[in-house]
Amino acid sequence: QPQLVQSGTEVKNPGASVKVSCKTSGYTFINFGINWVRQAPGQGLEWMGWISAYNGDTKYTQNLQDRFTMTTDASTSTAYMELRSLRSDDTAVYYCATSFKDRSDRCYYWGQGTLVTVSS
Amino acid sequence: QSALTQPPSASGSPGQSVTISCTGSSSDVGGYNYVSWFQQYPGKAPKLIIYDVTKRPSGVPDRFSGSKSGNTASLTVSGLQSEDEADYYCSSYAGSNNLVFGGGTRLTVL
């Protein structure tokens, strides 16, 4: 059974950066992709971007692409997301979820979520 | 791309059926048969319950069903049970590896 385990809670000052990891197991990492999705307190799901663990192709949502980077490490079956120049409205739970290796849809398995709080 | 449109709330009594809509455009819902639905309990990660418009992952009760007509997809929950009370989100592939979610619907079992 595939599992995605994310890194722990983060508290950051405005303007700082945060890097969240998503360690996967139970499936062949490079045969799939990873979506990153966030959820602000009391709000809905917001798709942030997709990365193929197969070939590194990426797609970023337009309003984040200047300060958001996704990477993967096949040697450890881990995906990472980094968000820079943090603002208070980046406070959210960040999720990773599996997808196809060549198409971003079908978020089948999800991580448990990582709470990122941006506050001075 | 703009978020898909869902009603903020829906409700039904135990045993009844309820349908939640998800309206997009020809660039997402209407253009691809790649609509998914997710169930989310408070404080928990979303769970996939419908994919490719109508398909259910293993273990999801057949009380949950999906459909699509034009630019609108729908999730129907039949034989409502108290455990169905949760938030429900739709998503759609929007081409070029873009994905878009709906705003979510809170389902209340009366």
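The values are calculated or read from the model by the stated rules, or taken from the named source; none is laboratory data. Note that the structure is a prediction, hence the values are computed from the model and not measured. Every residue, glycine among them, receives a Cβ derived from its backbone with ideal geometry; neighbour counts consider all protein chains shown.
Any residue at all in the range B:83-96 that's farther than 30 Å from A:Q65 by Cβ, among the polar types (S, T, N, Q), touching an Asp or Glu at 6+ places or on another chain (Cβ under 7 Å) and part of a strand (DSSP E or B)?
The answer is no; no qualifying residue exists.
Within the range B:30-49, restricting attention to residues that are in contact (Cβ under 8 Å) with a residue 12 or more places away in the chain and either facing chain A (nearest Cβ under 7 Å) or among the basic types (K, R) (or both), which residue is farthest from B:S67 (Cα to Cα)?
The residue in question is B:P46.
Suppose we filter A:W47, A:W110, A:W36 for residues that are out of contact with any Leu (no Cβ under 7 Å at 6 or more places or on another chain), within 11 Å of chain B (Cβ to nearest Cβ) and not aliphatic (A, V, I, L, M); which single one remains?
Testing whether each residue is out of contact with any Leu (no Cβ under 7 Å at 6 or more places or on another chain), within 11 Å of chain B (Cβ to nearest Cβ) and not aliphatic (A, V, I, L, M) leaves just A:W36.
I'd like to know if the range B:50-58 contains one or more residues that are within 17 Å of B:G103 (Cβ to Cβ), surrounded by fewer than 18 Cβ atoms within 10 Å (Cβ to Cβ) and either within 11 Å of chain A (Cβ to nearest Cβ) or modelled with pLDDT of 95 or more (or both).
There is no residue in the range B:50-58 that is within 17 Å of B:G103 (Cβ to Cβ), surrounded by fewer than 18 Cβ atoms within 10 Å (Cβ to Cβ) and either within 11 Å of chain A (Cβ to nearest Cβ) or modelled with pLDDT of 95 or more (or both).
Where residues in the range A:4-27 are closer than 20 Å to A:F100 by Cα and surrounded by 13 or more Cβ atoms within 10 Å (Cβ to Cβ), which of them is modelled with the lowest pLDDT?
It comes out as A:Y27.
If I filter the range B:71-82 down to residues being surrounded by 20 or more Cβ atoms within 10 Å (Cβ to Cβ) and part of a strand (DSSP E or B), which single residue comes out as nearest to the other protein chains (Cβ to nearest Cβ)?
Here the residue is B:A73.
So if I check each of A:G42, A:G15, which one is among the small types (G, A, S), part of a loop (DSSP other than H, G, I, E, B) and away from chain B (no Cβ under 12 Å)? Give the derivation first.
Working: A:G42 fails: away from chain B (no Cβ under 12 Å).
It is A:G15.
Within the bounds of the range B:31-44, is there any residue that is aromatic (F, W, Y) and surrounded by fewer than 17 Cβ atoms within 10 Å (Cβ to Cβ)?
yes
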